[in-house]
Amino acid sequence: TLTAQLLLLRGMGTKGEDMDQVTNNRRTLSNNIGPKIAQLAKSKGFTQSQIAQKCGVSRITIQRFFNGKTEIRSGDLEKILNILNLDLSSDVDYLINSQRYQIPHSLTQVKGDLILLMESLSPEVRKTILDNICWWTETSDNDALQQSTQKLKSFVKNMEA
C-alpha cells in the first residue's frame, strides 16, 4: 500500500537487512511511489510547478520524482504529503485499525456499492443527496473539486428536467 511504501521510503528497513538491500528497496519504492503521488496530485488539481514552489525545490526535481527517475529527500516528501493533505500518522493508525477489524471492501467495491445504493433510491431522494454533496463541496478552493461540483450541479439540473 502507499502508506507502507512511504514508511519504507523514509528508511525503515526490516531487521537483518544490510545497507545495500535497504538502499535498493528505497530506490524501488521511489520508482513506484513517485508516479502514485503524481496521480494523487493531479486528481487534487495540483501542477508540478505548484508543488515544487510550495516545497522549495525545482520543478525538474518534482518531475523526475513523479516519473520515478529519482529519489526525493524525506523532508521534501513530507512537504508534498502535507500539500496533498495526507497525514502519514493518521494513515498508519487507519491501517492498524482496519487490519484489526478486517474491513473487506476495497475503495473500488465501495464505489460500486454507492452506485447501486444511489440507483435504488427514488429520484427525489437521489436529488437531495446530490444537492447536499454539491453544497458541501462548493466552498472548496481546489480547482478539480470545483469542476467536479459544477458537473454534478449540471447533472442535478438535468434530473429536474
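Can you pull out every residue in segment 65-77 that is assigned to a helix (DSSP H, G or I) and buried (at least 16 other Cβ atoms within 10 Å of the Cβ)?
Phe65, Phe66, Asp76, Leu77
With the requirement that a residue be on the phi < 0 side of the Ramachandran plot, within 15 Å of the chain's Cα centre (by Cα) and of a type outside the set (A, V, I, L, M, F, W, C), what does segment 69-89 give you?
Narrowing segment 69-89 to residues on the phi < 0 side of the Ramachandran plot: 69-84, 86-89.
Among the residues that remain, those that are also within 15 Å of the chain's Cα centre (by Cα) are: 77-84, 86-89.
Those that are on the phi < 0 side of the Ramachandran plot, within 15 Å of the chain's Cα centre (by Cα) and of a type outside the set (A, V, I, L, M, F, W, C): Glu78, Lys79, Asn82, Asp87, Ser89.
How many of the residues making up segment 104-145 are closer than 19 Å to Ser43 by Cα and in contact (Cβ under 8 Å) with a residue 24 or more places away in the chain?
Of the residues in segment 104-145, 4 are closer than 19 Å to Ser43 by Cα and in contact (Cβ under 8 Å) with a residue 24 or more places away in the chain.
Considering only segment 115-133, state which residues are surrounded by 11 or more Cβ atoms within 10 Å (Cβ to Cβ) and either over 18 Å from Glu160 (Cβ atoms) or at pLDDT below 85 (or both).
Leu117, the sole residue that qualifies.
The values are calculated or read from the model by the stated rules, or taken from the named source; none is laboratory data. Nothing here was measured: the structure is a model prediction, and the numbers come from that model. Quick reminder, even Gly has a Cβ in these numbers, built from the backbone with ideal geometry, and neighbours come from all protein chains shown.
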